[in-house]
Amino acid sequence: MTPAGSAARWPRSEGNSRTGRAIDVDAMATTSDAINAALERGSTIDITTTGRKSGKPRRIEIVFHNIDGRIYISGIPRPNKRDWLLNLEAEPRFTFHLKGRTHADLPATARVIDDETERRRVLPHVARAWRRNDLDAMVRYSPLIEVTFPQA
């Protein structure tokens, strides 16, 4: 995990979440430098969670944000909790799929953020990125997680 306030950095090698074997990032077409560069900016990604009832993989497209070197995923405010968030509450380990110029499937862990003070600190950055002016609704209804990469 990354210390508070420091940038998320991807290690030179990492365990494969499916097999548990080490992946040599340097030998891959996508380098650790490319992964780190992709994590420096928010972007559209996919995440694969584990279905809380079915136990099956569930993949969705979503946006992540790098705020002060920490990785967050949020969403549009809505009173009902999203399935992906409920899945992460039940099983916080998931796969963070970079796509676009850099492709990588990164094992990750979610920390659901329910604390209002922390939500009020993070969500203004998301609101600005999305050009939203409904911060109170976002604090009340937007899903919000912090993402960590276990070996980063």
- Task: Specify whether the C-alpha gyration tensor of segment 13-148 places it in the rounded, prolate or oblate class, a ≥ b ≥ c being the square roots of the eigenvalues: rounded for a/c under 1.5, otherwise prolate if a/b is larger than b/c and oblate if not.
- Result: oblate
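Please list 74-82, 45-53 highest first by mean number of surrounding beta-carbon atoms within 10 Å per residue.
Highest-to-lowest ranking by the protection proxy: 45-53, 74-82.
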- What length, rounded to one decimal in nm, is gained on full extension from residue 76 through to residue 62, with 0.36 nm per residue of separation minus their alpha-carbon distance? 4.0 nm
- Message: What FRET efficiency comes out for residue 93 versus residue 136 if R0 is 35 angstrom and r is the Cβ-Cβ distance? Round to the nearest 0.05.
- Response: 0.65
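Readers should treat all values here as calculations from the given coordinates under stated rules, not as data from a laboratory. These numbers were taken from a predicted model, which means no experiment stands behind them. Every residue, glycine among them, receives a Cβ derived from its backbone with ideal geometry; neighbour counts consider all protein chains shown.
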